[in-house]
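A.B. asks: Dumping the structure here so I can ask a few things about it.
Read the figures in this text as sums done on the coordinates, not as results from a lab. None of the values given here were measured: they were computed from a predicted structure. Please note: Cβ atoms are built from the backbone with ideal geometry, for glycine as well, and neighbour counts cover all protein chains shown.
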Amino acid sequence: MKQNAPVQNSMKSGKWIPTTCKMCLHSCNALVRVSDDGVVLKVEGNPSSPSNRGHLCPKGASMLMRLYDPQRVKTPLKRTNPKKGPNEDPKWVPISWDEAFDIVARELKKTLDEDPRKLLPAINDFQKLFLWAWPAAFGGNANYFTVVGTLCGGGFHPMNGMIHRTFASANDYDYCNYWINDGGGDGFSSHLHVACQAGYMADARVDRGMHVVVVEPRLSTGGAKANEWVPIRPATDRHFALGLCHVLIRDNLIDEKFLKEDTNAPYLVGPDGYFVRNKDGHCYIWDPVEDKAKLWNDESIKDFALTGTYEVEGVTCKPAFQKFKDILEDCTPQKVSEFTTVPAETIERIAHEFADAAQIGATIEIDGKTYPLRPAAYNYYRGGEGHKYGSMNNHAFKIVNMLVGSLDAPGGHVGVCLDEYWEDFDHIYGEGAWWPASSGEDSGMLTCVPHQLHPEVPFAYPPNTTHLQDYFPLAVDPGHLNNLTLTEPEKFGYDFYPDTMLICHSNPLWNMPGDQQKWFKIMSKMRFIVAIDVVLNESTTWADIVLPAHDTLESWNMTMIEPPNTEGMCLRQPVIEPLYDSKSEEEIFNEISERIGILDQWNEVINFVYGFGHKPELLLKPGKKYGEKEIAERRGLLWNGKDLKWYMEHGHSVKKKPPWKMYQPWKGQRVHFYLEYIIRRRDELKQKMEEAQVPFRDEWYWDDYQPLPNAAIEPVHQEPPEYDMYAISFKEVQLNFTENLSIPWIDEIVWNDPVHMGILINPKTAAERGIEQWDLIQLTSPYGQIKGLANITEGVHPETLAVSNALTRWVDYHAVVRPGGGNFNRLLPADLRNVDANSGQMETTARVKLTKIMSKPKDAKEVFAKNTMFAYSEIRARGEEG
Amino acid sequence: MPKWGMVIDLKRCIGCNACTVACKMENSTPAGVLFTKTLSEEIGKYPHATRVYIPVLCNHCEDPPCERVCPTKATYIREDGIVLVDETKCIGCGACATACPYKNRVVLHREPVEKGLYKQGILTPFEKQGYPRFVIGTAIKCTFCHERVDAGLEPACVNICPTEARIFGDLDDPDSKVRRLIQERKGVQPLAHHNTKPKVFYLE
């Protein structure tokens, strides 16, 4: 048919509306085309934003298909099948909002009245981060039935808070010349604002010739694009970093000036690990020129000793730097090579290349101010640091940067704030929304801010939280410990047992490590479960009531989370009226809060979390319900005084982050090279646990609290020898966790990409074990097992099996989602041994044994079950677990 | 009169397939139909292994075999070099799909259009307004986003790409970015030995 009307969707009659993407945490700025008939036709990047500069990643590009998913939750649903199980059909019936709210309010009020601690929240809405704080209004509930922030961020966030006073960190795209990515996909596949970072990364690599080295067990996209891929045995990355540190210090490739003047590396440490202090609590350094101890801020200091052993006030002590040097004696390239399988020559060479590129001593003038120029930076994320010794892992990577002086320097490794609230927010010298300015009162050192998601949960025995957060003063919530505590509550002295659950935009049964059968048992013991979401998932299958939330394109929000090189606020606004009988999360939580009598408390929590007190006219008042539009407007006004009308027109207020926020914003105070703060908190906790006679205090892993990273070996390396291979999970840019696998366009690009189509195994390993392409294999760890099809690739370490997130769904009701051979996280432990008592970081690498279940059938087409490649029907027919 | 062409910078491309999705979104293509996609291939042996990502699309050849073999002259070349299919003339013989050395054309089947993207025979409003552009049983392919280009915009795949790995422009304009890149970075044509004179060039 001849058509005069356009056939291309962006050209059809309609209008463009600026809004944001919500397919990950990071609110890239988008333009959405809506036809005259109100059909959403196209999503593009908004070119006016210096963040994603008019582009989107595939997740963002696929956004409009989520809106039109026929299997979206369209009305409140009530379960009519009393039986609950992982694949049990809830037999949902639609009910009215009135009935839904009646039931939800009745059940939650019961819990609130009995004991608010009996609620297990799993609230993980991307971008409406303030919702995560709702349980605080629910009688001060601080439980976490999810690990979404901890799987990757357990060790990451507190260390950033202690070193940079930020939540995240990244390398500086503008000036870096030598970029190391260790176990992180920044600039290629994941983490902070990927559609933004990928652009800046391409510019840096291709236009400026930036050299990229990627250290990881699997050849990720970053590894494929890098100048060098350094394969490494999983969970040994800290040792690689310590090996680099050994070479840097041995060959004197260090920025002494930075270490001496801007860090506490010269501060003298006594034999108990604490700084040596005078009677007023001031720290000492050793002046090697005058050969005597002086207070850290003595104006007569001629130089600071970094090495040596000294006597001060009768105490034998060493500079913190010397303590680190002592640790590094065991971290020779040869020793590190044996443990990491990275050749010693590679460690030597990369250390030298890194130090050369760092240009120690160079300076640069930016905006009229002179900074050190250090264009060599070590970046890292979950793969490198998400292991038992999370705190030490993160600390080690930071120190690589500190040694060459590239911490927070142009070209180096910089801090990234979670939320910057208002335009002139100074995260060092200014008050945060709820944390104090850095005073430098402790001998000029930065005031640590280990907590930025929520205030510290106070110690208590018996515990008030089901995940033992009462004993993790520095940690991000290890929600997976629920697997342990709710199975053996008496062991931990609980005087309550939870029976209610609220799941909002979360899939806790998918994200939490641990024995899956125990998780299912915990779920089946719940008296009442309510879920709030756009689509159903493996966890909502257990709910009694599901409440439909608006899709991204139907809702309001104002946010900008962890932008690496920009700042501002991004407006999400509806482009159409809601398709179904859904509500915004704000309206849902307001209604529930009002009905159970906690609305005022909820408004107080929102004021607190969002820092509205900084402009008191924005404060939410008691007795009133504030909708998503009103809260979004306040966030915009708080940022730059512009109202919603302005934001609806411009879409955002994003600009490049100013140099004063990025580069050495703490100048004048000292960065913690040595974290005495950690052992001080350890000893406070120890004392409290002793006073309260906490029965498990002697089982607590006190050695996890370390002021410096050392060469301790993660327990994952010490599993019984029959578990002779490592298994890791991964995603690439197409996937957000796995929740977007329900979108057909994502399904199409994922299932055409070999890395997502089977469990990756090295060819030599496969040959040794008689495994051929597409054989059905099983991975068994001490904690669980999964199945999948073998996919032979040169791009994986020979001891490692790599499992894409795409293979780990098990819901089988959704027409597009392909059930896989089991959730990877069930291979992981949920015990105290494998969690960092310091940071809450859990182990994300598994030790497994590999077995072949069956060879690929000759006529494989016959045995593909449903729309998955992973469950040969013969296996199903034999009744084996899938 | 411009001579439209595209340059693909393989150094920038990260194989994310945002282009694949943007194209499907722009053109309402049903499941299984990809006017553009990104191939990936492993090279080398561990530990010296790497992977390359290669976006492919219709090359809008200057001497296209698809046009030559078309029995009804449904496939035609515009003055600006864009190769299109007139769906009113196409009889769906598939000769063009066979003739194309790049395998970048398909004959549209009924099944994916009826089944819908969500596979249940329920078409989303997006599909309902989009599918009618197609005539089932005719040859379809990338059109270099001819309507966008006529309005002075870039093709959808170029527009979305987060690493700006795709560059579109007038190959006859010596100052255009495409010409400069081909010259400076030594752009190569895909399967040049087939002599179809493709107008998509690759930079390594």
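A.B. asks: What is region A:189-235 by shape, rounded, prolate or oblate, if you read a ≥ b ≥ c off the alpha carbon gyration tensor as root eigenvalues and call it rounded for a/c under 1.5, prolate for a/b larger than b/c, and oblate otherwise? Present the calculation step by step, with values, prior to reporting the outcome.
C.D. replies: Numbers: a/c = 3.01, a/b = 1.48, b/c = 2.04.
It comes out oblate by the Cα gyration axes.
A.B. asks: Then there's this: Please name which of A:168, A:736, A:284 has its Cα lying farthest along the dipole of the protein assembly as shown towards the positive end, using unit charges on Cβ (Lys, Arg +1; Asp, Glu -1) and the Cα centre as origin.
C.D. replies: Highest projection toward the positive end goes to A:736.
A.B. asks: Dividing the convex hull volume of the alpha carbon atoms of region B:101-204 by its residue count, what do you get in Å³ per residue?
C.D. replies: Working: hull volume 16.1 nm³, N = 104.
Normalising the Cα hull of region B:101-204 by residue number yields 155 Å³.
A.B. asks: Over chain B, what is the relative contact order in percent, taking alpha-carbon pairs closer than 8 angstrom and at least six residues apart?
C.D. replies: Answer for chain B is 32 percent.
A.B. asks: With the radius of gyration and the Kirkwood radius both derived from the Cα set of region A:228-350, what is their ratio Rg to Rh? Numbers along the way, then the final one.
C.D. replies: On the way: Rg = 17.1 Å, Rh = 15.8 Å.
With Rg and the Kirkwood Rh in hand, the quotient comes to 1.08.
A.B. asks: Once you sort the root eigenvalues of the Cα gyration tensor of region A:422-511 as a ≥ b ≥ c, which label holds: rounded (a/c under 1.5), prolate (a/b larger than b/c) or oblate (the other case)? Don't jump to the answer; show the numbers that get you there.
C.D. replies: Working: a/c = 3.30, a/b = 1.89, b/c = 1.75.
The shape class here is prolate.
A.B. asks: Could you check the spin-label model distance between residue B:80 and residue A:5? Points 7 Å from the Cα along Cα→Cβ, value in nm.
C.D. replies: Taking the two extended label points, one gets 2.3 nm.
A.B. asks: Next up: In debye, nearest 20: dipole of region A:1-149 around its Cα centre with unit charges on the Cβ of K, R (+) and D, E (-)?
C.D. replies: Details: 22 positive and 14 negative charges, 88 e Å.
The dipole magnitude comes to about 420 debye.
A.B. asks: So if we plug the beta-carbon distance of residue A:99 and residue A:424 into 1/(1 + (r/R0)^6) with R0 = 51 Å, what FRET efficiency do we get, rounded to 0.05? Don't skip to the end; give the middle numbers.
C.D. replies: Details: r = 48 Å, r/R0 = 0.95.
Once rounded, the FRET efficiency stands at 0.60.
A.B. asks: At 4 °C and 1.567 mPa s, what whole-number value in µm²/s does Stokes-Einstein give for the translational diffusion of region A:563-637, with Rh from the Kirkwood sum over Cα pairs? The partial results should precede the final answer.
C.D. replies: Details: Rh = 13.9 Å.
Result for D is 93 µm²/s.
A.B. asks: Over region A:690-799, how many percent of alpha carbon pairs lie in each 5 Å bin up to the one with the longest distance?
C.D. replies: So the P(r) values, bin by bin, are 2, 9, 14, 15, 14, 13, 10, 8, 7, 4, 2, 1.
A.B. asks: Which FRET efficiency value, to the nearest 0.05, do you get for residue A:833 and residue B:73 by plugging their Cβ-Cβ distance into 1/(1 + (r/R0)^6) with R0 = 56 Å? Each step should come with its number before you reach the end.
C.D. replies: Details: r = 74 Å, r/R0 = 1.32.
The calculated FRET efficiency here is 0.15.
A.B. asks: In 10 Å bins starting at 0, how do the alpha-carbon pair distances of region A:2-70 split up by percent?
C.D. replies: Per 10 Å bin, starting at zero, the Cα-Cα P(r) for region A:2-70 comes out as 21, 49, 25, 5, 0 percent.
A.B. asks: Another question about this same structure. Subtracting the Cα-Cα distance from 0.36 nm times the residue separation, let me have the gained length for residue A:208 to residue A:595 in nm, one decimal. Working shown, then result.
C.D. replies: On the way: separation 387, 0.36 × 387 = 139.32 nm, distance 5.86 nm.
133.5 nm is the gain from fully extending residue A:208 to residue A:595.
A.B. asks: Moving to a separate point now. Output ³J(HN,Hα) for region A:324-341: one whole-Hz value per residue in order, computed from phi by the Karplus curve 6.51 cos²θ - 1.76 cosθ + 1.60 with θ = phi - 60°, and x for Gly and Pro.
C.D. replies: 5, 4, 4, 4, 6, 4, 7, 10, 5, x, 5, 5, 5, 4, 4, 7, 8, 6
A.B. asks: Between residue A:37 and residue A:580, what FRET efficiency comes out of the Förster formula 1/(1 + (r/R0)^6) with R0 = 25 Å and r the beta carbon distance, rounded to 0.05? Don't skip to the end; give the middle numbers.
C.D. replies: On the way: r = 18 Å, r/R0 = 0.71.
Here the calculated transfer efficiency is 0.90.
A.B. asks: Bin all alpha-carbon pair distances of chain B at 5 Å intervals from 0 and give each bin's fraction as a whole percent.
C.D. replies: 1, 7, 14, 18, 20, 17, 11, 7, 3, 1, 0
A.B. asks: If you don't mind, there's one more thing I want to ask. Give the order of A:705, A:144, A:677 when sorted by the count of other beta carbons within 10 angstrom, beginning with the fewest. Write down the numbers at each step before the final one.
C.D. replies: Working: A:705 25, A:144 33, A:677 18.
Listed from fewest to most nearby Cβ atoms, that is A:677, A:705, A:144.
A.B. asks: Is any residue of region A:737-763 close enough, with backbone N under 14 Å, to a label point placed 7 angstrom from the Cα of residue A:854 along the Cα-Cβ axis, and if so, which?
C.D. replies: None, by backbone N distance to the label point.
A.B. asks: Dipole of region A:198-247, Cα-centred, from +1 at each Lys and Arg C-beta and -1 at each Asp and Glu C-beta, to the nearest 20 debye?
C.D. replies: Numbers: 6 positive and 5 negative charges, 24 e Å.
With only Lys, Arg, Asp and Glu charged at Cβ, the dipole is about 120 debye.
A.B. asks: Let me have the relative contact order for chain A, percent, based on Cα pairs under 8 Å that are six or more residues apart. Don't skip to the answer; put the middle values down first.
C.D. replies: Numbers: 2052 pairs, mean separation 159.1, N = 882.
Averaging sequence separation for qualifying contacts and normalising by length gives 18 percent for chain A.
A.B. asks: Right, another one. For each of A:614, A:756, A:467, B:48, count neighbouring Cβ atoms within 10 Å of the residue's Cβ, then give the residues from fewest to most.
C.D. replies: Working: A:614 16, A:756 22, A:467 31, B:48 10.
Listed from fewest to most nearby Cβ atoms, that is B:48, A:614, A:756, A:467.
A.B. asks: Using the reciprocal of the averaged 1/r over all distinct C-alpha pairs, how large is the Kirkwood radius of region A:312-402 in Å? Could the numbers behind the result be given before it?
C.D. replies: Working: mean 1/r = 0.0627 Å⁻¹.
Hydrodynamic radius (Kirkwood, Cα pairs) of region A:312-402 is 15.9 Å.
A.B. asks: If you don't mind, there's one more thing I want to ask. What does the structure give for B:121-127 when I average, per residue, the other chain Cβ atoms found within 10 Å of the residue Cβ? Display every interim value, and only then the final one.
C.D. replies: On the way: counts 1, 4, 2, 9, 10, 10, 4.
Mean partner-chain Cβ count within 10 Å for B:121-127: 6.
A.B. asks: Give or take rounding to whole Å, what are the principal axis extents of the alpha carbon atoms in region A:42-120, in descending order?
C.D. replies: Here the Cα extents, ordered largest to smallest, are 52, 29, 27 Å.
A.B. asks: On to the next question. With charges only on Cβ, +1 for K and R and -1 for D and E, what is the dipole size of the protein assembly as shown about its Cα centre, in debye, rounded to 20? Walk me through the numbers before you get to the answer.
C.D. replies: Working: 121 positive and 144 negative charges, 675 e Å.
Charge dipole of the protein assembly as shown: 3240 debye, to the nearest 20.
A.B. asks: Can I ask one more? Have a look at region A:150-256 and give its Rg and Dmax from the Cα atoms, expressed in angstrom.
C.D. replies: Expressed in Å, the Cα Rg and Dmax of region A:150-256 come to 14.5, 40.
A.B. asks: Where the eigenvalues come from the Cα gyration tensor of region B:37-153, what are the semi-axes √(5λ) of the equivalent ellipsoid, largest first, in whole Å?
C.D. replies: 27, 22, 16
A.B. asks: Order by neighbour count: A:63, A:689, fewest other Cβ atoms within 10 Å first, most last.
C.D. replies: Numbers: A:63 27, A:689 20.
Going from least to most buried by this count: A:689, A:63.
A.B. asks: Now a separate question. Take every residue in peptide B:46-59, count the Cβ atoms of other chains within 10 Å of its Cβ, and give the average of those counts. Write out the running numbers ahead of the final one.
C.D. replies: Working: counts 13, 13, 3, 10, 9, 12, 2, 4, 0, 0, 0, 0, 0, 0.
Other-chain Cβ atoms within 10 Å of each residue's Cβ, averaged: 5.
A.B. asks: With the Cα gyration tensor of chain A giving a ≥ b ≥ c as the square roots of its eigenvalues, does the rule (a/c under 1.5 for rounded; else a/b larger than b/c for prolate; else oblate) give rounded, prolate or oblate?
C.D. replies: rounded
A.B. asks: Note down the nm distance, to one decimal, between modelled labels 7 Å out along Cα→Cβ at residue A:356 and at residue A:15.
C.D. replies: With each label placed 7 Å out from Cα toward Cβ, I get 5.9 nm.
A.B. asks: Helix-derived [θ] at 222 nm for chain A: sum -39500 (n - 2.57) over DSSP H runs of at least 4, divide by residue count, nearest 500?
C.D. replies: Values: 27 runs with 227 residues, N = 882.
After summing the helix terms and dividing by the residues of chain A, the value is -7000 deg cm²/dmol.
A.B. asks: Within 10 Å of each Cβ in peptide B:6-14, how many partner chain Cβ atoms are there on average? Round it to a whole number, please.
C.D. replies: Numbers: counts 0, 0, 0, 2, 1, 4, 9, 3, 15.
Mean inter-chain Cβ contacts per residue within 10 Å come to 4.
A.B. asks: What base-10 log of the normalised intensity I(q)/I(0) is obtained for region A:102-183 from the Debye formula, alpha carbons as equal point scatterers, at q = 0.11, 0.16 Å⁻¹?
C.D. replies: The Cα Debye sum returns log10 ratios of -0.48, -0.79.
A.B. asks: Right, another one. On a full-extension model of 0.36 nm per residue, what is the gain between residue A:291 and residue A:83, subtracting their alpha-carbon distance, rounded to one decimal in nm? Can you show the working numbers first?
C.D. replies: Numbers: separation 208, 0.36 × 208 = 74.88 nm, distance 7.67 nm.
Result: 67.2 nm gained on full extension.
A.B. asks: Spelling out what I want: for every residue of region A:153-159, take phi, set θ = phi - 60°, compute 6.51 cos²θ - 1.76 cosθ + 1.60 (Karplus), and round to whole Hz; glycine and proline get x.
C.D. replies: x, x, x, 5, 5, x, 5
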